[in-house]
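Beneath this line is the structure, given in structure tokens, with notes to follow.
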Amino acid sequence: MNYRLLKLQFSTAVHFGTGGLTTTSNTLMADTVFSAMCTEAARAGIDPSVLIDSVIAGEIRISDALPYIGDRFYVPKPLAEITTEKDGDSSVKKALKKLTYLPVDALDSYLKGSLDIGKESDILQHGLGQECLIEKTAIEISEKTEPYAIGLYRYYEGSGLYICLGYETEKEYKLFCDIMKLLSYSGVGGKVSSGYGKFTIEPANPPSEYIKRLQVEDYEQYMSLSVCLPSPNVIEKVMNSANFRLVKRSGWISAGSAPDTLRKRRDLYMFAAGSVFSGRFNGSVCDLSDDGAHPVMRYGCPMFMGVK
């Protein structure tokens, strides 16, 4: 499989929902990106099944939208036990808890316990961007105005998010990039109708260390760079030898009998990016439409990076 990094350079603030209007994340999960791409493809008259079929066939794989700062590309902190050189230091423990992503070139040092946790935590916290709260006003006919607030995140110049794209041929690469370009005009995340979440795309070649960990298949442990969900027939085997965190994915869909009516989609628990496994698996793409007005596809295919 071939790999490219697609840097998303945001020209506006973003709102990546975390369950409330006043809070926001600064990263975006792969299933949200994939769902947004399917919606944008359908809106542009492109059959989303072309993209979906390519994923099911293993011809396309994507990571979560992960941070980059300058020329340093970050990956999730592996959910694996380590012993640091300052084990027991409370300040290191606090910094380690805050450090959710690591530069790929610091992964070896982290796993060996020699990484300066406090320094890397500060770089990520102060170098990526800044969260802010914007007050808005809702105006309804014959009603008084009601103020409300939106949590937004603004990336600093030279920083943003990137997606690692795995693809078999240039055909899949072009398909993915064409749909992403359409999405860049509309925006990604919440409150796109207010102009948030717009970006431009800059392709980049992965660093050699990144490529090595993606392509070599003789590691003892592998970390997923995306949310993922094994098929039912292998999930028990996968969990028995994994260090993982589960994340609940939920949302709303249009009802089949009344397309303008929304109803809650059934919740789905997935392995979070950073979960570590002793072997590889294919994952799955689930249809959560549940007799809704249109298919609702949930991306759950891992992109594996060797860690040990």
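The values are calculated or read from the model by the stated rules, or taken from the named source; none is laboratory data. Just so it is clear, the structure is predicted and the values come from calculations on it, not from any experiment. Virtual Cβ from ideal backbone geometry, glycine too; neighbours counted across all protein chains shown.
Here are the numbers for this structure:
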{"read-out": "Residues located in segment 75-103, provided they are of a type in the set (Val, Ile, Thr), at pLDDT below 95 and either over 22 Å from residue 272 (Cβ atoms) or crowded, with 19+ Cβ neighbours inside 10 Å (or both)", "value": "83, 84, 92"}
{"read-out": "Residue list for segment 57-76, restricted to those being over 16 Å from residue 31 (Cα atoms) and among the small types (Gly, Ala, Ser)", "value": "57, 70"}
{"read-out": "Residue 142 in a helix (DSSP H, G or I), modelled with pLDDT under 95 and among the polar types (S, T, N, Q)", "value": "no"}
{"read-out": "Among the residues listed as 36, 30, 41, the single one being surrounded by 21 or more Cβ atoms within 10 Å (Cβ to Cβ), modelled with pLDDT under 95 and closer than 21 Å to residue 180 by Cβ", "value": "41"}
{"read-out": "Residue list for segment 45-56, restricted to those being over 15 Å from residue 297 (Cα atoms) and surrounded by fewer than 14 Cβ atoms within 10 Å (Cβ to Cβ)", "value": "45"}
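To keep it simple, each residue is scored yes or no on (1) within 22 Å of residue 36 (Cα to Cα); (2) in contact (Cβ under 8 Å) with a residue 24 or more places away in the chain.
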| position | (1), (2) |
| --- | --- |
| 157 | no, no |
| 166 | yes, yes |
| 201 | yes, yes |
| 210 | no, yes |
| 219 | no, yes |
